[in-house]
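S.K.: This is the structure I want to talk about, given as structure tokens.
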Amino acid sequence: MRIFLSAAVVMWSAAAIAQTAAPQVDTPLQKVPYSPSLDPASMDKTADPCQNFYKYACGGWIKSNPIPGDRGSWNIYAKLGQDNLRVLWGIALADSKATDRTPVQQKVGDYFSACMNTDAVNAAGLKPIEMPLAAVNKLKDKHELTDFLARAESHGLPLLFHSGSTQDYGDAEKVIVGFGAGGLGLPDRDYYIKTDAKSVEIRARYETFIAQMLGFAGETDVDAKKDAMDILAFETALAQNSLTMVEKREPSNLYHMMTLAELEQQAPLVKWSKFLKAQNVDDPGKVNVAEPKFLAQMSDAVEKLPMPTLKAYLRFHVLIAAAPYLSLNVQQASFDFYSKYLRGVPQMPARWKKCVREEDRFLGEALGQEFVRLAFSPESKAATIRMTDQIEAAMGAEIEHLDWMSDATKKQALDKLHAIRNKIGYPEKWRDYTTLTIAPDDYFGNVVRAMTFEDKRDWAKVGKPLDRAEWGMTPPTVNAYFDPQMNDINFPAGVLQPPLYDSKLDDAPNYGDTGGTIGHELTHGFDDEGRHFDAHGNLRDFWTPDDAKKFEARADCVRDQYAKYVIVDDIHINSKLTAGEDIADLGGELLAYIAWKAQTASMALQSTDGMTPDQRFFVGFAQWACENDRPENARVRALTDPHSPAEARINGVVVNMPEFARAFGCKAGQPMVSANVCRIW
Ligand SMILES: [Zn+2]
């Protein structure tokens, strides 16, 4: 993935709201405004490119783009994302007012109207969650838990663990049931484990927040305080038995096929076949339990938990999941902890942003159709396809000429490369929302129905043939991804626009920027994680032991390099976590450079704006990443974001490229020239 996108897909995750922030801009748009790629005003030409290239390429942008009050960070991707959002706003607004509407326009327009009606939302108070809270109160003993958890899951509210459809690691064609760890209210298990002063402080603040939320559900101060302490202790036990982000990067750590009977033996708390029947999954065969130790220990910990504490825990999780959709006081409390305290964001985003973001999440392929019509030309699509083909060809040639890899592994790697499916712009077939009811006067009901719809759609995939045409991002998204099991690369229309791809400009900045993104996603197929999957998307070790050893030695060069960079305070990059992205950044830019050179071999390229074509390629590259970040947000990202901070993502790449040193005349010994060049692909 080119940028961070984790919580956005976990719909009920309370951490997700920490991502929902953008600056205050108060007009909807009919089209995405043009901002040029390779903007000289974004540079700081007083900086020496051989001392700090990121500052040279992005210094002007950083100075003139302070972080808006409702954001944790601000960067070129976020700014474009905000422009796209304003276009979606224009669509939603028009659909909310139109009279003669298509069924899709009715849903888009009515969702927006209901969401914007804050008077109704505030008047409802906690009424929308009366039913689930009453269901918690009614629980008599733990035998009733399976039914309760199953009902919550089918409404899009995963409690204690995660579950859903997933591809079988061993046979990517098969869609099976998967169970994963869950149950935490803080963004990662490390928050419960670390002993430094900041982590201790965060846990104390979290405990206060838990008590505050329980107060909303009617608990007295004394009870809420006691319950908060017990809930934190319980979640800490869950965290201790959850894998770290780094452990999860190794796919074999997450692959444990077993029967439901075997699972029931290990984690007897939940009657698993009953749980699945409630999701309309009968007789699923073997399921994948990603973290068996977690489920076993969770089962045990819940069995030991006094019933009143368990009920307080469930009440709290119902509340934090629903908080973003409830009255302002509850929303504000949740925002104050997850966004203001944890990420340093001073103010809540404007209501329209929240509403349009939710529409993108719940009705993304309905809104997306209109967005594509307004913002994505067939020429952009054709240009991206051409560039992707060239970069794939460059990668093929690179693999063939690698001096450290045996022919046997090369053949398998090339098979994999040639099998990668390129998905550009938008899905071939749009998702059908016919069975989803959206009402103009029932905001919370719309949210629950949308989540239920998505949940049903997900469970319905179990046992059916794999749909390789499915997309994991909506068309307006400013991001891209590689999926190792699908073995495909995906570039939504939202990311293929100026200033990232600019059809008004020449190839140098376009290959430096978008070419680099394509190369980045392609390289993910061959990073420390992706390399474990074969051409069919199966988890299969196709490497000779010797080649695997050589790969790891080269990956260690990258890990050692990034471990030296500081994120904030004395926190260094956890380069075991970021290795995949760092490898993709380096490989991607090398491939983009090779493809650009091949594309322009017969052209006489001229200098522009006082920069040579090679210099413009590299400035174009750097200008995808210009960014300002709040220190609080940087601390969260240090623990949870598999991407390095922007400056490291630019400088960390160019120090490894002699092509860069040549372009700017940098000499050995200068900061932007590494004495120990890392190179994998
Ligand atoms: Zn990536």
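What follows draws every value from the coordinates through simple rules; no lab data is involved. Every value quoted in this text rests on a predicted model; they were computed, and no experiment measured them. Every residue, glycine among them, receives a Cβ derived from its backbone with ideal geometry; neighbour counts consider all protein chains shown.
S.K.: How large are Rg and Dmax for the chain when only the alpha carbon atoms are used, in Å?
M.R.: Every Cα atom of the chain included, Rg and Dmax give 25.0, 79 Å.
S.K.: Cα axis of helix 76-97 to longest principal axis of the chain: angle in degrees, 0 to 90, nearest 10?
M.R.: So the helix axis and the longest Cα principal axis differ by about 50 degrees.
S.K.: May I ask for the net charge around Gly156, where only other residues with Cβ less than 10 Å from the Cβ of Gly156 are counted and Lys, Arg are +1 while Asp, Glu are -1?
M.R.: -2
S.K.: Please report the antiparallel percentage of DSSP beta bridges with both residues in the chain, rounded to the nearest 5.
M.R.: Antiparallel bridges make up about 75 percent of those DSSP assigns within the chain.
S.K.: Tell me the angle of helix 103-116 to the major Cα principal axis of the chain, expressed in degrees between 0 and 90 and rounded to the nearest ten.
M.R.: Compared with the principal axis, the helix lies near 70 degrees.
S.K.: With θ taken as phi - 60° and the coefficients 6.51, -1.76 and 1.60, list the Karplus ³J(HN,Hα) couplings across segment 318-324 in order, rounded to whole Hz; mark glycine and proline as x.
M.R.: Those phi angles translate into 4, 5, 5, 6, 8, 3, x Hz.
S.K.: Taking neighbour Cβ counts within 10 Å as the exposure measure, how do Val653, Val121 sort from fewest upward?
M.R.: Result, fewest neighbours first: Val121, Val653.
S.K.: Separate question: Treating only the Cβ atoms of Lys and Arg (+1) and Asp and Glu (-1) as charged, compute the dipole magnitude of the chain about its Cα centre; round to the nearest 20 debye.
M.R.: 800
S.K.: Here's a follow-up. Work from the charge dipole of the chain (Cβ charges, +1 for Lys and Arg, -1 for Asp and Glu, about the Cα centre) and give the residue of Gly620, Ala333, Leu305 farthest towards its positive end.
M.R.: With unit charges placed on the Cβ atoms, the residue in question is Ala333.
S.K.: With a ≥ b ≥ c taken as the square roots of the eigenvalues of the C-alpha gyration tensor of segment 334-418, please select rounded if a/c is under 1.5 and otherwise prolate if a/b is larger than b/c or oblate if it is not?
M.R.: It is oblate, given that a/c is not under 1.5 and a/b is not larger than b/c.
S.K.: Using a simple charge model, +1 on the beta-carbon of Lys and Arg, -1 on the beta-carbon of Asp and Glu, nothing else, what dipole does segment 187-248 show about its Cα centre, in debye to the nearest 20?
M.R.: I would put it at about 200 debye.
S.K.: Nothing charged except the Cβ atoms of Lys and Arg (+1) and of Asp and Glu (-1): what's the magnitude of the dipole of segment 139-223 about its Cα centre? Round to the nearest 20 debye.
M.R.: Around 120 debye, computed over segment 139-223.
S.K.: Sticking with this one: Going down the table (Lys140/Lys286; Lys274/Lys464; Lys353/Lys504; Lys97/Lys353; Lys140/Lys304), which pairs top 26 Å between alpha carbons?
M.R.: As for pairs spanning more than 26 Å Cα to Cα, those are Lys140/Lys286; Lys353/Lys504.
S.K.: May I ask which residue of His536, Leu367, Tyr593 lies farthest towards the positive end of the charge dipole of the chain, with charges of +1 (Lys, Arg) and -1 (Asp, Glu) on Cβ and the Cα centre as origin?
M.R.: Leu367
S.K.: Further, regarding this structure: For segment 139-177, which trypsin sites (Lys or Arg not before Pro) are in a loop by DSSP, counting at most 10 other Cβ atoms within 10 Å?
M.R.: When the trypsin sites (Lys or Arg not before Pro) of segment 139-177 are filtered for loop state and at most 10 Cβ neighbours within 10 Å, Lys140 remain.
S.K.: Non-local amide H neighbours of Ser327 (under 5 Å, H modeled in plane, Pro and chain starts lacking H): which ones?
M.R.: Answer set, sorted by chain and number: Gly125.
S.K.: I'd like the distance separating the alpha-carbon centroids of segment 456-492 and segment 192-207, in whole Å.
M.R.: When both Cα centres are located, 36 Å separates them.
S.K.: Where does each of Glu552, Glu262, Glu359 land when they are ranked from fewest to most other beta-carbon atoms within 10 angstrom?
M.R.: Taking fewest neighbouring Cβ atoms as first place, the list is Glu552, Glu262, Glu359.
S.K.: Rounded to whole Hz and in sequence order, give me ³J(HN,Hα) for segment 490-506 from the Karplus expression 6.51 cos²θ - 1.76 cosθ + 1.60, θ = phi - 60°, writing x for Gly and Pro.
M.R.: 10, 10, x, 3, x, 8, 9, 9, x, x, 7, 10, 10, 5, 7, 9, 7
S.K.: Just want the answer: with Cβ charges of +1 for Lys and Arg and -1 for Asp and Glu, which residue in Asn241, Ser674, Cys355 is farthest toward the dipole's positive end in the chain?
M.R.: Selected residue: Cys355.
S.K.: Ok, one more. Order of Thr434, Thr236 from fewest to most other C-beta atoms within 10 Å?
M.R.: Thr434, Thr236
S.K.: Let me ask you something else. Let me make sure I get this right: for segment 161-206, a, b and c are the square roots of the gyration tensor eigenvalues over alpha carbons, sorted descending. Under 1.5 in a/c it's rounded, otherwise prolate if a/b > b/c, else oblate. Which is it?
M.R.: Judged from the Cα gyration tensor, segment 161-206 comes out prolate (a/c at least 1.5, a/b above b/c).
S.K.: Summing +1 for each Lys or Arg and -1 for each Asp or Glu, what net charge is found among the other residues whose Cβ lies under 12 Å from the Cβ of Ala563?
M.R.: Charge balance near Ala563 sits at 0.
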